[in-house]
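Remarks on the structure that follows.
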Amino acid sequence: MFVQVGTMERLAPGATAGQLFFYFIMYSFLGWVLEGSYNLYSKGSFRKEGFLKGPFKPMYGCAPLLMLLAGELAPPWWLFLLLGLLVPTGVEFASGWLLQRLFHKQWWDYSGLRCQWQGHICLRFSLYWWILIMACVFTIQPLMVLLYRQIQFLWGYMLPGAAVLFAADLLWTCRTRLRGREEKDLELGQGKL
C-alpha cells in the first residue's frame, strides 16, 4: 500500500500495524521536540506540560497517520491539500475537547486569538498545522520510510517494549489525572462522599 507523488513513497508497500505504530511513535516524539522547542523560544523553557509524562505528543502522531492513510485513497490533489488543513485541525479540536471533558483542564487556549472556536482551534494555528502536515507527508515521511527499512528487523523486537511503555504512560497519566480531578471535585464539594 503506497501513494506516490512523483516517485516518493508515502507508505512502504504492504505497511503493517507495526510500521504504522513506528510512524505514530516517531511523529509523537517529533511533536514533543517541536512543542518543547517552541516553548523554549516563546517562554524560555523547553519543558511544557503535556498530557502524557513521557516524550510523546499523540496528536502529532495521529494527524500524519490519518493523512498517510487518506493518501492511500489517492484523492485529487486539491482534496488532499484541503484534508491537510482539516485533518490536523480536527485532531486538535477532538483532542482538546476530549481532554477538557475528561480531565477538566485545557492544555492550550486560543480564545485570545482571532478566528478561534472554543479555544481549542484557531485559523492561525490551523495554517501552521497545514504547513507542518505538508512537510511531514512530502519531506519527512520519505525519510521515515527509509529509516523504518533500515531498522525494520530491530523494530520487530522493540515494538512490544515500545507499545508497553506507551500504554503504561497513557494508563498511568489517565489514572493520576483522574484521581487528581476527583480530589479537586471533593475539595469543591462536587464529588461523591
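The values are calculated or read from the model by the stated rules, or taken from the named source; none is laboratory data. Keep in mind it's a predicted model, so treat the numbers as computed, not measured. All Cβ positions, glycine included, derive from the backbone under ideal geometry; neighbour counts span all protein chains shown.
Observations, loosely collected:
- In a residue-by-residue description of the range 107-126, the property of being assigned to a helix (DSSP H, G or I) and crowded, with 16+ Cβ neighbours inside 10 Å applies to at least one position.
- Residue among Leu11, Leu52 that alone is under 18 Å from Trp108 (Cβ atoms), at pLDDT below 85 and among the aliphatic types (A, V, I, L, M): Leu52
- Listed by first and then second residue, the pairs linking a residue in the range 36-47 that is over 14 Å from Trp108 (Cα atoms) to a residue that is in a helix (DSSP H, G or I), with Cβ atoms under 8 Å apart and 6 or more places separating them unless they lie on different chains, are Ser45/Asn39; Phe46/Gly36; Phe46/Ser37; Phe46/Asn39; Phe46/Leu40; Arg47/Gly36; Arg47/Asn39.
- Taking the numbered list (1) surrounded by 13 or more Cβ atoms within 10 Å (Cβ to Cβ); (2) modelled with pLDDT of 90 or more; (3) of a type outside the set (A, V, I, L, M); (4) over 17 Å from Ala15 (Cβ atoms) in turn, Asp169 passes all entries but (2).
- Just one of the listed residues (Leu85, Leu20) is closer than 30 Å to Tyr157 by Cα, in a helix (DSSP H, G or I), of a type outside the set (Lys, Arg) and at pLDDT 90 or above, namely Leu20.
- Test for Ser95: is it within 26 Å of Leu165 (Cα to Cα) and assigned to a helix (DSSP H, G or I): yes
- The residues of the range 32-74 that are of a type in the set (D, E, K, R) and part of a loop (DSSP other than H, G, I, E, B), listed by number, are Arg47, Lys48, Glu49, Lys53, Lys57.
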